[in-house]
Structure formats: C-alpha cells, structure tokens
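*Asks:* Got a structure for you, written out below as structure tokens; questions coming shortly.
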Amino acid sequence: MSKPKKEEDVRFGKFGTVSFTTLTKVNDFIDHLQNGKVMTTCCKECNTTFFPPRADCCRCLSGNMQWREVTGSGKLVSYSCLKFAPMGFDSDLPYCIALLDYGNYRVFGRIDSAFDMNEIKIGMDMATIANELPNGRINYVFKKT
Ligand SMILES: [Zn+2]
C-alpha cells in the first residue's frame with residue numbers, strides 16, 4: 001500500500017475535541033508579517049474575528065472569511081514569565097508570554113524581549129507588532145503603546 005501524499009494525509013482530522021486542520025489554509029499570514037502587518041481573519045457571515053487566523057468559522061461553519069489587520073492596542077489580561085522553555089527556545093530565556101484583549105478577540109504571543117519585565121502590569125495597553133528575528137525568521141511581539 002502506498003503512503004498517501006502529504007496533501008492527502010488527513011489523519012489529524014480525528015485529533016482533539018473539535019476539528020483540527022491537517023494543513024493550513026492561512027499561509028498568507030506569513031506574507032502579511034513579511035510586509036510588516038499582523039493580520040487575522042474575520043467571518044463575513046457572523047462577523048466573528050479569530051486569532052490565530054482561521055480559514056473556516058467555527059461558530060457558523062462558513063468558509064467566507066476576510067483578512068483583518070490587528071491594529072491599535074489591546075489590554076494585557078494575562079502573562080507569565082518563563083524561566084524554563086521547551087526544547088529549541090532555551091536560548092530565548094527568560095521571556096514572557098501574554099494574552100492581549102482586543103475587545104472581540106484575543107491575541108496570544110510574546111512580550112518584546114527588550115521590554116523590562118518589572119514594568120509589566122495587567123491592564124496595560126500593548127500593540128501586536130510584526131518582528132524580524134536575528135536569524136532572519138519572523139514572528140510578532142507585544143510592545144507597549
Ligand atoms: Zn461565522
């Protein structure tokens with residue numbers, strides 16, 4: 001029996017409580033980041049915004065989505081400063097992960113490493129900013145506004 005092509009391998013579709021996508025349909029997220037924009041998706045049918053971006057709406061099951069920029073500031077609602085990290089992230093330590101509330105959606109990510117951990121306060125305004133890493137890769141970080 002031949003092994004299915006990677007594109008056709010849907011085994012992860014069985015994983016977890018809700019549907020789990022086996023391949024991403026939101027690769028444009030990376031193109032937007034390279035252009036300096038943090039984007040996410042919003043459902044055109046029920047107006048629900050998601051982060052990270054989704055290609056399909058889990059509320060109304062529509063695939064009719066549009067890109068929307070994560071702009072302005074969110075309120076810091078939770079954070080944790082890590083002294084231990086998963087393999088591959090050891091050299092980043094210490095770093096802080098956090099959750100920003102943008103009103104009708106929330107963004108999970110890291111606080112900019114240049115930010116003084118002692119100044120982090122619940123409720124502070126932070127922005128989600130596209131960020132180039134020293135090795136040329138990209139991500140996004142939270143910065144004080
Ligand atoms: Zn929807």
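Values quoted throughout were computed directly from the atomic coordinates according to the rules given, and no laboratory measurement underlies them. Just so you know, these numbers come straight off a predicted model, no measurement behind them. Glycine also receives a Cβ, built like all others from the backbone with ideal geometry; neighbour counts cover every protein chain displayed.
*Asks:* For the chain, what relative contact order do you get, as a whole percent, if you take Cα pairs closer than 8 Å and at least 6 residues apart?
*Replies:* With pairs under 8 Å counted, the relative contact order is 19 percent.
*Asks:* Looking at the chain as a GNM with Cα springs under 10 Å, which of Asp56, Asp31, Asp116 has the largest mean-square fluctuation?
*Replies:* Result for the chain, Cα springs under 10 Å: Asp116 fluctuates most.
*Asks:* Over its Cα atoms, what ratio of radius of gyration to 2.2 N^0.38 Å does the chain give? Could the numbers behind the result be given before it?
*Replies:* Details: Rg = 17.2 Å, N = 145, 2.2 N^0.38 = 14.6 Å.
The value comes to 1.18.
*Asks:* Shifting gears a bit: In the neighborhood of Asn35, defined by Cβ-to-Cβ distances under 11 Å, what is the net charge if each Lys or Arg adds +1 and each Asp or Glu adds -1? Intermediate results must be reported in sequence, preceding the final value.
*Replies:* Numbers: positive: Lys37; negative: Asp28, Asp31, Glu69.
Taking every other residue near Asn35 into account, the sum is -2.
*Asks:* Over the chain, with a Gaussian network built from C-alpha contacts below 10 Å, which listed residue (Glu119, Glu69, Glu45) shows the highest mean-square fluctuation?
*Replies:* Glu119
*Asks:* Tell me which trypsin sites (Lys or Arg not before Pro) from segment 60-101 have a DSSP coil assignment and no more than 11 other beta carbons within 10 Å of their own.
*Replies:* Lys83
*Asks:* Another one. Going Cα to Cα from Lys83, which aspartates and glutamates come in below 19 Å? Please leave out same-chain ones fewer than 8 positions away.
*Replies:* Cα-Cα hits under 19 Å: Asp92, Asp112, Asp116, Glu119.
*Asks:* Take the residue pairs Lys44/Lys144; Lys121/Lys143; Lys25/Lys75; Lys37/Lys121; Lys75/Lys121; Lys37/Lys143 and return only those whose Cα atoms are more than 20 Å apart.
*Replies:* Over 20 Å apart, Cα to Cα: Lys44/Lys144; Lys25/Lys75; Lys37/Lys121.
*Asks:* Quick check on packing: order 126-137, 99-110 by the mean number of other C-beta atoms within 10 Å, highest mean leading.
*Replies:* Sorting 126-137, 99-110 by mean packing, highest first, produces 99-110, 126-137.
*Asks:* Here is a further query. Segment 41-94 to segment 103-145: how many Å between their Cα centroids?
*Replies:* Cα centroid of segment 41-94 versus Cα centroid of segment 103-145: 13 Å apart.
*Asks:* How large is the dipole of the chain about the Cα centre if only Lys and Arg carry +1 and Asp and Glu carry -1, each at its Cβ, rounded to the nearest 20 debye?
*Replies:* I would put it at about 380 debye.
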